[in-house]
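Heads up: the structure comes next, in structure tokens.
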Amino acid sequence: MSAFLTPINVQEKYAPLEWTGLFDEEEDVCIPDSNDAMCNDFSAVMKAMYGDSPPATVLVGHSMGGSVAVHIAAKRALPSLAGLVVVDVMEGTAMASLIHMQKLLSSRMQHFSSLEKAIEWSVKGGSLRNINSARVSVPTTLKYNDAKNWYEGLSDKFLSCPVPKLLLLAGTDRLDRSLTIGQMQGKFQMVAVRHRHAIQEDTPDEFAALVVNFTSRKPDRCSCGRGTRSPPTITTTTMNQWPAMDKRS
């Protein structure tokens, strides 16, 4: 889905409408569920760009973007409209294809290890054939996975914490190099439980016993030597929907 707005100046030179600065690229944009809302958004963008004197404009819309362009033109939301171009969308075929949309969406890749992999997939998958065009359009449809910021460097940060440490794992095969070396050097206690990822929910009694045992037998003094402290309060932090590791990278 795409829609283009092209102002025409007196020299009859053509250029795409600049959207830069109108939206924060880091924010998810909610697509309105009504034609009126989309028309109103369009009018607001044009007013922000050109005030009350927009230039002569040709609307060009592809697929669902063509539907948006048609509704804008039919509503006469742009007095300076000079033309309308609709690309590869018709009511009959569009309505018939809606029942297949869920299958199409479910077949799309959910993660890519790099931008180039996403571009390559879009071309090889048949949705696009021109790789040069794909390099322009595909990046705008993707969002970087910010969850990586939570996990990059986590092992070294864990090892650097100046307090007694316990690592509960659902299997020792999850240890990376830093943790393996740290465990061999006795920098933390590790317990491997033969359960799945949701340890604290699948076996709450065993989980509670391990944590209580750890806190009760540790000395009153923290390892950084800043004096005594009262028995620690046990605080658990859980996240039921952890992002799956992308093994394609």
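One table, with the values for the structure above:
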item: Amide hydrogen neighbours beyond the local backbone of Leu167, cut-off 5 Å, H modeled; result: Gln189, Met190, Val191
item: For the stretch 155-217: rounded, prolate or oblate by the Cα gyration tensor [a/c cutoff 1.5]; result: oblate
item: Separation between Cα centres of the stretch 193-211 and the stretch 109-124, rounded to whole Å; result: 38 Å
item: Peptide ranges 59-65, 137-143 listed from the most packed, as the mean C-beta count within 10 angstrom indicates; result: 59-65, 137-143
item: Contour excess over end-to-end distance, with Cα ends at Asn132 and Val163 and 0.36 nm allotted per residue; result: 5.8 nm
item: Calculated FRET value between Val87 and Ala56, using beta carbons and R₀ = 30 Å, to 0.05; result: 0.90
item: Theoretical gain in end-to-end length, Arg177 to Ala37 [0.36 nm per residue, Cα-Cα removed]; result: 45.1 nm
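Every read-out reported here was derived from the displayed coordinates using simple, explicitly stated rules and does not represent laboratory data. Bear in mind the structure is a predicted one, so any value in this text is a computation, not a measurement. Every residue, glycine as well, gets a Cβ built from its backbone with ideal geometry; the counts of neighbours run over all protein chains shown.
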